[in-house]
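Structure record follows, encoded as C-alpha cells.
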Amino acid sequence: SLLGANIEDNTSGNSSGDIEEGFGVSESGDGYSKVYVTANGRRFKEYKQFLGSYAYSPFAGGTMKSSGCSATSVAVVLSGYGIDATPEDIRKLGNSGGIPVAGTLQDYGLTAVDTGSPVTAEELLNHLNTGNVAIINAGHGYWSNSSGHYFVALEAKGNQVYVSNVGDNQDTGWYPVDKVLEDNKKVIYVSE
C-alpha cells in the first residue's frame, strides 16, 4: 500500500527519508512547488503563504506572507478534496480579521469541526487514521514565533504525522505526534 509520497521538484525542504513506499511526479503552480499524495490517493498541493503571487496581498492586518497561514492551510486542504481554490481565492473571502477556518471549509462543502481547545495525540491520530486531515492552530512555541500559526496534518503512520507547514519549507515532513501538537490551541477536524 502507498504510505504517502512527498512529490518534490526544486524546493528545499524536509523531504524526510521516512517514506518507505510512494511515488513522485514533479508538479507546481502559483504558490506551491510540491504535491503530497496520501495513502488513500488524495493529492494535496502544498501551498506556502510566502510563495505565490498573493504573498504581498493584504490579509488579517498584514500580508499573506506574514498573516496568511489560515487561508493558505484551507487551500491546501481543499486541494486534496478535489476543490480548486487557491490561497488567493480564500484570501478574497476574508476581511481585516482573517477568515473563520471551519466555516470557510464548510462553505466549500466539507465537514469541519473546530475543537475550540487543545486535543490529545490519541484524538488526532484517531481522526487522521480515518483517512481525513486536520488543521492545527498552534500558539507561541516551536510552530510559531508569534501569537499563533495554522498548518495542516495530512496523515499518520504509527505515531508519526505528515505536516504540511504553509509557513516554512524546512518544517514540512514527518514528525512525532507530540511535536505536531506542541502548544496546540485547537484543531479543526476535516472530512467529507
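Efficiency by 1/(1 + (r/R0)^6): what FRET value for Asn159 and Glu192, r their Cβ-Cβ distance, R0 = 30 Å, to the nearest 0.05?
Between Asn159 and Glu192 the formula returns 0.75.
Hey, in the GNM for the chain with a 10 angstrom Cα cutoff, which one of Ser164, Ser57, Ser79 fluctuates hardest?
Ser57
Determine the gain in length on full extension of the stretch Lys179-Thr120; use 0.36 nm per residue of separation and subtract their C-alpha separation, reporting nm with one decimal.
20.1 nm
Name the residue farthest towards the positive end of the dipole of the chain from the options Gly167, Asn129, Ser28, assuming +1 on Cβ of Lys and Arg, -1 on Cβ of Asp and Glu, about the Cα centre.
Final value for the positive-end residue is Gly167.
For region 178-192 and region 76-141, what is the centre-to-centre distance using only Cα atoms, to the nearest Å?
A separation of 9 Å, based on Cα centres.
Sorted by average packing, counted as other Cβ atoms within 10 angstrom per residue and highest first, what order do 105-113, 179-187 take?
Packing proxy ranking, top to bottom: 179-187, 105-113.
Using 0.36 nm times the number of residues separating Ser53 and Thr111, minus their current alpha carbon distance, what extension gain do you get?
This chain segment gains 18.0 nm when fully extended.
Share of Cα-Cα pairs in the chain beyond 26 Å, in percent?
So the portion of pairs separated by more than 26 Å is 22 percent.
May I ask you to give the percent of accessible area on region 79-171 that is carbon plus sulfur, with a probe radius of 1.4 Å?
45
In square angstrom, what is the accessible area per residue of the chain with a 1.4 angstrom probe?
Heavy-atom SASA per residue in the chain reads 41 Å².
In debye, nearest 20: dipole of the chain around its Cα centre with unit charges on the Cβ of K, R (+) and D, E (-)?
My answer is approximately 420 debye.
Run the helix sum for the chain: -39,500 (n - 2.57) per DSSP H stretch of 4+ residues, divided by residue count, reported at 222 nm to the nearest 500 deg cm²/dmol.
Estimated from H runs of four or more residues: -5500 deg cm²/dmol.
Amide H neighbours of Phe59 under 5 Å, at least 5 residues apart or on other chains, H built in the peptide plane: list them.
Under 5 Å from the amide H of Phe59: Met64.
The values are calculated or read from the model by the stated rules, or taken from the named source; none is laboratory data. Because the structure is a prediction, the values reported are computed rather than measured. In this analysis, Cβ positions are derived from the backbone assuming ideal geometry, glycine residues included, and neighbour counts consider all displayed protein chains. Note: areas computed on protein heavy atoms with side chains; ligands, DNA, RNA excluded. Shrake-Rupley method; radii C 1.70, N 1.55, O 1.52, S 1.80 Å.
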